[in-house]
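Taken together, the values in this text are just the output of simple stated rules run on the coordinates, not laboratory data. No experiment lies behind these values; they were computed from the predicted model shown.
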């Protein structure tokens, strides 16, 4: 009597072992990894000026920056402001040297 095909939902079912990735997929991944370069993003002049105004007005108090209605016209969150200022200061430090709050 011929063997019945197994039900994949059966707990005794054993699937055939299949190679996870074919050679073409591996070659594409290797190619993508070889030529993957992280693009350098830059801050626009207006954004740099806004961030410098934040620092001049509030130092490193991100909560005050968040609540400042005149400077925070884009309604950025504290986390967004902090991230942008950290990036701004790191870019500035690379160009000019270490930055100290006044």
* Hey, what did region 45-96 get for relative contact order, percent, Cα under 8 Å, at least 6 apart? -> 32 percent
* How much length is gained on full extension from residue 41 to residue 27, taking 0.36 nm per residue of separation minus their Cα-Cα distance? -> 2.2 nm
